[in-house]
Structure formats: C-alpha cells, structure tokens
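Values in this text are rule-based calculations from the coordinates and carry no lab data. Keep in mind it's a predicted model, so treat the numbers as computed, not measured. FYI the Cβ positions are ideal-geometry reconstructions off the backbone, even for glycines, and counts take in every protein chain you see.
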Amino acid sequence: MQTIVVGGGYAGLRAVQLLAGQNLPVILVEPRREHILRPRLVAAAAGRTALKEVSVPLARVLPTGVRHLQATALGFDPETAAVETDYEMLQGDRLVIAVGSEANLSASGAPRYTLPLYSLEDLQQALSHWARLEDALQRERCDLSLLRWVIVGGGITGVELAAELVHLARRWRNRYGGLAEAIQIHLIQRGSRLLPDWPVQASDWVTRWLKRHRVIVQTATAVRRVRADGVVLEGPAGPEELATQTVFWTGGSRPVRLEEEPADLRDKSQFLRVDPYLRLVDYPRTYAIGDSVLPFNPQLNRTLPPCGQLAVRSAEVAAANIVAESRGEALTAFVPTIERIALSLGAFDGLAVVDGQVLTGTAGWTVAQAADLFYFNAIQNPLLARMAPELFSGTGLPSERQ
C-alpha cells in the first residue's frame, strides 16, 4: 500500500518515518531539502542560536527507501489519493495531507511591514534587519523608532521571542551603552491575557517575569494597521500609535491551502474536515494531520489549539491506521490531549505545565530543553522514539499555531 505524504514538517516527517518503519512504500512531497526546527527560529532570530542548528537535512532523517520528491504540491484528489505537483503527477493508495500552517498577517500593512518567524527565509530577513539596526546603533544614528521593538501575539512564540529580545537588548546595552539604554520591547496581545490556553497561574507568572525584565505588556489590544514607521493600536484606552521600524508578527496562523485543491473540504476556519480516524470526511483514502486539522477531544467536548505535540500525535494515529488498513485491522480514533507543554525564556529560565502542575524558572527551562533535545535526536534515531513514545509525542513541543 503506497502512501504519499505531502509536507515534511513535524507531522509529515513523523508519518513518513513510521510508515517506512513498517516496510510500506512512501513518497514524501516536500520542496525543501531540510526539516525546519521551527521553535529554534525564535532563539536564532535573536542571535542566540546558530543558523545551522535551526534545520536538519531531510536526507539525514528519512528512512532508507523513502522517495523524496523535491517539488511543490499544487493540488490533490481526495477520492483517488492522487497529487499534482509542479514536477509530476503522483498516484498512491493512501494520501496524507500535512502541509502545516502559515502566518496569518491579518492587519492592514502586516504582510509588507512585519517580520514573521515561520521559515528560514523569515529568519534571514530578521537577521538582516538586526544587522542594519546594529549598524545604525554603532554609528549613533538611531531614533526611538529603531529602538522600539514590537511583538504582535502573546502565545508561546510571542512570549519566547519577547524573552529572547530581553537578552539581546541586555547584550546591546552592555556593548554600546548610550543610545542602547533607550531600547523598549512591547508585547501586544489581543486577548485578555498572555498564553490564553495555559493555566491562569502560568499566564500570570510569565507576565510578571516579562514586566520585571522591562517588557511593556499590552493585553486586550488589537493591531489595526502596520506602517513603515509604526503601528496603530486599539486598546482599552482607545487608539494609540507606536513609532517603530521593528514589528515581529506572531499573532496567529492559518492552515496552508493548496492552490488547486477541491472545494468544500474545509470548515469555516479553513481546517480540513476529518472523521475520528483523521480521514477526510467522505474520502477514506485521504488523511489530514498536523496543523491542517483542528484537534477535537470528544471527552472534553472542545477543540485544542494545534501545536507540535498534537501534530506528532496525529501523525502517529494516521500512520497506525494506514498500517491497520493494509492488514485488514480495526482503526484507532484520534483523541488529542496535551499533558505537557513548555517554553524557554532564555538562559536557564522557562515555564512548563506537566500533568497540570506549573513549573517555573530552571525547572520549566529544563522541561523545554529536554523536549527540544529529545525531538532533535529522536528524528535522527527513531529507536529513541520507539523506546519512549510518550516522551516523543508528549514532550510539549512548542506550538506551531498561536
């Protein structure tokens, strides 16, 4: 039973490795040569992580026998499990859609004037921006708009980025003094609190941490417009304008949609509609996993925010079901749960929730580092994932979608 997997992110790569591990033929459609470790983009964007540590060559992590078609998927036929790419047409017995998510640059001017952090190209753009700003600082040609850094979005990525910029600002103050002392970091959150899907205790703790480190946290505040020289906000006190030339956009994402996919496959939020086994509704030969679907827990009767660990877990369930189909066995329903989740606040500081318990400081940082290191090593040595599957899919990989 040949399976075509479209997308080589967390979900797609995990599905490929599991299917190939069961000796099923697999084709991966992914235009990139590398697997991006998206959570590391944040530290790299602030200069704390080297560029080479942000991705892993797919050739290193794909099992022997997997065909990697380095092409862009244009569309698919869910009924026949066929995929059209910009290189060739593919036909499989089963199809897995794992194309992930992209930045939802919803405010006027955001696509042109903000810095998202979703790809290596985004990272290169951010690093070039810092290089220009640092050059201006060295030449003492900075005005306040260059020294005010704005982050839109108070989910995991936004909070981690704010913390990384705290450390970057500290390094620049120590290095340059003078004008660098005027650096301001603003974190803008549309909702009433940071980390809205986390326990209130965790949200309150991280808010205090950021404020203690001179971050200006503005909740219940929407971004109405982004310009080359600033942002227009709407908060509890009314409209406000901030002069800035640095706006990072971490304020939400949306599922990627292929150019020529069939109509009526998605819900009103643009997620692919799936049955309990992660097959597209009315199309049992095609599965959807990762950020392409909105996880629903029937026991809790609510959806859960798409994130890295749920992407991996959905891939595990879909792969197990394809293997079961090949053997004529019963399928397994996907019941998403988030038992552990963590974020890093830079050097030996972090926040984690493990089995309902909030861990802060060094303990939280340790959980975040363990999750990152385990995933990094497990994708290169699947034996680790088989030895401790609950760690692989339940380590609290940082969210792909805020």
Order of Glu140, Glu241 from fewest to most other C-beta atoms within 10 Å? Glu140, Glu241
Measuring from its Cα centre, region 110-249 shows a charge dipole (+1 at each Lys and Arg Cβ, -1 at each Asp and Glu Cβ) which, in debye to the nearest 20, is 280
Part-to-part distance (alpha-carbon centres) for region 58-82 and region 134-175, which is given in Å: 39
So what J values fall out for region 27-36 if you push phi through Karplus, 6.51 cos²θ - 1.76 cosθ + 1.60 with θ = phi - 60°, rounded to Hz, Gly and Pro as x? 10, 9, 9, 8, x, 8, 8, 10, 9, 8
Percent antiparallel among DSSP beta bridges (both partners in the chain, rounded to 5): 55
Where does the chain land at 222 nm, in deg cm²/dmol rounded to the nearest 500, when only DSSP H runs of n ≥ 4 count, each adding -39500 (n - 2.57), divided by all residues? -10000 deg cm²/dmol
Could you check which residue among Leu115, Leu127, Leu345 shows the biggest mean-square fluctuation in a GNM of the chain with a 10 Å Cα cutoff? Leu127
Neighbour counts of other C-beta atoms within 10 Å: give me Lys268, Lys52 arranged from fewest to most. Lys268, Lys52
To the nearest 20 debye, what is the magnitude of the charge dipole of the chain about its Cα centre, counting +1 on the Cβ of each Lys and Arg and -1 on the Cβ of each Asp and Glu? 1200
Exposure proxy check on Ser326, Ser292, Ser128: fewest-to-most Cβ neighbours within 10 Å is Ser128, Ser326, Ser292
Can you find, among Ala11, Leu272, Gly177, the residue sitting farthest towards the positive end of the charge dipole of the chain, where Lys and Arg contribute +1 and Asp and Glu -1 at Cβ? Gly177
